[in-house]
Amino acid sequence: MIVYNLFPLLAGPFPGWEPHIERAAAMGFDWLFVNPVQRPGASGSIYSIADYFELNPALIEPTDPRSAQDQLRSVLAVTRDRGMRPMADLVIDHCAADSVLVRDHPDWVAFDSGGALIHPSCQQDGETVVWTDLAELDHQGTGDPEGLYQYCLGVVRHLLGLGFEGFRCDAAYQLPAELWERLIAETRNERPDTVFVAETLGCTPWETAATAAAGFDFVFNSSKWWDFRSHWLLEQRKLIGELVPSIGFPESHDTPRLADEMNGNAHALKLWYLFAATFSAGCLMPVGFEFGFRRSLHVVSSRPEDWETTSIDLREFITVVNRLKADQPVFREECSLLLLPSSNPAVLIMWRGSATAGQEALLFFNTDCWNDQYIEVNDLRAFVQSGQPLVDVSPEFQMDFVAVAPFSYQLRPGQGLVLVTPSPSETPIR
């Protein structure tokens, strides 16, 4: 999955989405993920859903004679016509505190011993953050579990009816695995090609593994927060990758913009996108990353007027990376991965090998986004199990010939060097 995240509040009303879809398709993305489009509660947060079967007024074009649902169906049809599959955000772990569910089905909502609504919360920088505009749906304690389940299944069917073909399942680990198993199985019984992706960021690897085992196609990984050195990411990958492939991302709608964190350094944006695309079976990029946007996406206040004018344009680079990922089988699965010894601590050397695809890859990343870094290896053949020759498929500055013994290279700031062995279909028969 090569996913473009179109943030609906930044994109604006549905009829105006087409230029964004065209741009994403031209860069080689094959999925279009859209954050919640349903009517929000009083807070205005798109993750505070007041009515799951009505659309957000901010996304409806009032001058368009078509109904709100037909406006959305039309633009999702355009998405499919451009070769991308649309994915909805499925938020069924909570609803708006002023949702119709709280009013009509209080037995589906969690209350404390004093009769007050229980609001979802999380730990952030050592402090507890409570979302008072949300009400926790009580999937495990409700006296009417079947009623709540059938409502959630109805939400899934409704979104499929609007034209979505997959779901990013918000805070999936908060819901019982048995619920996901049933929901996924019943949905696929009706629509076998429906894809389910679990959002499990912030939970333990064991919680992620338990959630993944419920039948999800992908989970999101935490590679965005890696320091290119610690072992925790590889341990997490090994634990989860045996169950389900993962999706990496250089930033998301929940994180600060990488361009802002890196003070507009385009080399850093290239480094992190190439790393996300080659580390994981899938990758995701939010709208605006290709232009180095620095203003964070906001679940309440983002609007089309927040579109930024920058001096950065990474569309060509991202297109080449996406094509590389699509063309090289070793980058399309959660295959074996090792960190290799490096003569330069600023240069990360990574080996990937796919038994199913019969292909290997050596990757060199200059994690210094401000300076050139030199790397030297006595013999690259010591790192290649198959003995096959290596070909440079890097997105930039490709070498016509790879001299393997000795191998030396001056990496530009943030540059990634991608060397692969031919896939079996490309290997000449002797």
Inset, instruction - For the stretch 369-381, indicate whether the set of residues that are crowded, with 17+ Cβ neighbours inside 10 Å, part of a loop (DSSP other than H, G, I, E, B), at negative phi and out of contact with any Gly (no Cβ under 6 Å at 6 or more places or on another chain) is non-empty. - result: no
Legend entry - Residue that is surrounded by the most Cβ atoms within 10 Å (Cβ to Cβ) [pool: residues in the stretch 40-69 that are under 23 Å from residue 18 (Cα atoms) and hydroxyl-bearing (Ser, Thr, Tyr)]: 67
Legend entry - Candidate set: the stretch 139-159, residues that are small (Gly, Ala, Ser) and closer than 28 Å to residue 72 by Cβ; chosen: the one nearest to the chain's Cα centre (by Cα): 154
Inset, instruction - Give just the number: which of (1) in contact with a helix residue (DSSP H, G or I) (Cβ under 9 Å, 6 or more places away or on another chain); (2) touching a residue at least 40 places away in the same chain (Cβ under 8 Å); (3) surrounded by 18 or more Cβ atoms within 10 Å (Cβ to Cβ); (4) under 25 Å from residue 336 (Cβ atoms) does residue 228 not satisfy? - result: (3)
Inset, instruction - Filter the stretch 128-138 for residues that are more than 26 Å from the chain's Cα centre (by Cα) and either part of a strand (DSSP E or B) or of a type outside the set (Asp, Glu) (or both) and give the result. - result: 132
Legend entry - In the stretch 41-66, residue farthest from residue 87 (Cα to Cα) [restricted to those that are in contact with a strand residue (DSSP E or B) (Cβ under 6 Å, 6 or more places away or on another chain) and not aliphatic (A, V, I, L, M)]: 41
Inset, instruction - Among residues belonging to the stretch 356-386 that are among the hydrophobic types (A, V, I, L, M, F, W, C) and over 25 Å from the mean Cα position of the chain (by Cα), point out the one that is farthest from residue 264 (Cα to Cα). - result: 382
Inset, instruction - Would you please list the contacts, defined by Cβ atoms under 8 Å and residues six or more apart or on different chains, that run from a residue in the stretch 367-392 that is over 15 Å from residue 417 (Cα atoms) and in the same structural domain as residue 407 (by TED's automatic domain parsing) to a residue that is in a helix (DSSP H, G or I) and not β-branched (Val, Ile, Thr)? - result: 370/267; 387/381
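Residue check: is residue 343 surrounded by fewer than 21 Cβ atoms within 10 Å (Cβ to Cβ), farther than 17 Å from residue 416 by Cα and of a type in the set (Ser, Thr, Tyr)?
Taking the combined requirement at face value, the residue does not satisfy it.
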Legend entry - Check on residue 103, among the charged types (D, E, K, R), within 29 Å of residue 190 (Cα to Cα) and either within 23 Å of the chain's Cα centre (by Cα) or not in a strand (DSSP E or B) (or both): no
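To keep it simple, each residue is scored yes or no on (1) touching a Cys at 6+ places or on another chain (Cβ under 8 Å); (2) part of a strand (DSSP E or B).
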residue	(1), (2)
312	no, no
321	no, no
325	yes, no
344	no, no
352	yes, yes
361	no, yes
395	no, no
399	no, no
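The values are calculated or read from the model by the stated rules, or taken from the named source; none is laboratory data. Please read all numbers here as calculations on a predicted model, not as lab measurements. Backbone-built Cβ (ideal geometry, glycine too); neighbour counts: all protein chains shown.
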